[in-house]
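The values are calculated or read from the model by the stated rules, or taken from the named source; none is laboratory data. What you see is a predicted model; the values in this text were computed from it and never measured. We place every Cβ from the backbone using ideal geometry, glycine too, and count neighbours over all the protein chains shown. Note: accessible area is taken over every heavy atom of the protein model, side chains too, but ligands, DNA and RNA are not part of it. Shrake-Rupley method; radii C 1.70, N 1.55, O 1.52, S 1.80 Å.
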Amino acid sequence: MSARPAKGGGRWVTVPPERLHPWIDGFAARHGPFTASGDERAVRLVAGDGAVAELHVPFPPMTPPGPPHVSRFVAHAGRERRVGVFLVRLGGYAAGVFHGDALVASKVGSRLVQGRTAAGGWSQQRFARRRRNQAAQALDDAVGTAVRVLTPYLGDLDGVVLGGDRRAMDALRADRRLAPLLALESEPFLVVPDPRLAVLRDTPALFRAVRVRIVDP
């Protein structure tokens, strides 16, 4: 589990789906019996001492919503899904399809994008043009790879999770080839290092984890 401050108060924690029921039991042990309410996107636990835990539904919507809220949420979070993952950083990219934790299809690649230079004058301008061209080609390669790897599974995907560097990903969102995949985009955005195969293989621990916002009394 990990924790970080939440905008507007409280803190975010992430809980592996396998640990969700013990975590909820621990919340009750620490804060007292709770009441549960919710809908297709979140379940809210309000404990006897005023503590609140908002459990955000992974791969929403949760169907059917409603009581018993906790057992429905735990079952939904633990479901085995087929998920597409697309990671991009400038010069590197990875695309993969997971069934549960198993990687069933993937492609990882990279393309040279030169670093910035401190040189001035015409040399700097030529370098900047070359770097822009390299970056554009790298992003084009990334999009092509994602389309080739993920599109054959499009009808079976429960969601597509994006990650890497937000600026690089935002630069290619307008590419029409990605539209069918972006229509399945699911949170969270995965901030990961250079998209190598080992990084791609580790992503299920991130996209399967349940995000919980805790507000202490």
(message) How far apart, in nanometres, would the label points at Thr63 and Asp158 be if each is projected 7 angstrom from Cα along the Cα-to-Cβ direction?
(response) 1.4 nm
(request) Express the carbon and sulfur contribution to the solvent-accessible surface of the chain as a percent, rounded to the nearest whole number, probe 1.4 angstrom. (result) 52 percent
(message) Kirkwood Rh over alpha-carbon pairs of the chain, then Stokes-Einstein at 4 °C and 1.567 mPa s: what D in µm² s⁻¹, rounded to an integer?
(response) 68 µm²/s
(request) Compute the relative contact order of the chain as a whole-number percentage, counting only Cα pairs closer than 8 Å that sit 6 or more residues apart in sequence. (result) 27 percent
(request) Enumerate the helices in the chain for which the Kyte-Doolittle hydropathy averages -1.0 or more and the C-alpha atoms extend at least 30 Å along the helix's axis, using complete DSSP H runs. (result) 121-150
(message) Using only DSSP helix segments of four residues or longer, with each worth -39500 (n - 2.57), what per-residue ellipticity at 222 nm results for the chain after dividing by its residue count and rounding to 500?
(response) -9500 deg cm²/dmol
(request) Quick one: check the C-alpha center-to-center distance for the range 63-86 versus the range 88-102, whole angstrom. (result) 23 Å
(message) For the range 159-207, what does the relative contact order come out to in percent, with C-alpha contacts under 8 Å and a separation of six or more?
(response) 47 percent
(request) Can you figure out the FRET efficiency of Ala198 with Ala28, using R₀ = 45 Å and their beta-carbon distance, to the nearest 0.05? (result) 0.75
(message) Per residue, how large is the accessible surface of the chain? Use a 1.4 angstrom probe and give square angstrom.
(response) 53 Å²
(request) Would you calculate the separation in nanometres between label points at Val215 and Arg166, each defined as 7 Å from the Cα along the Cα-to-beta-carbon direction? (result) 2.3 nm
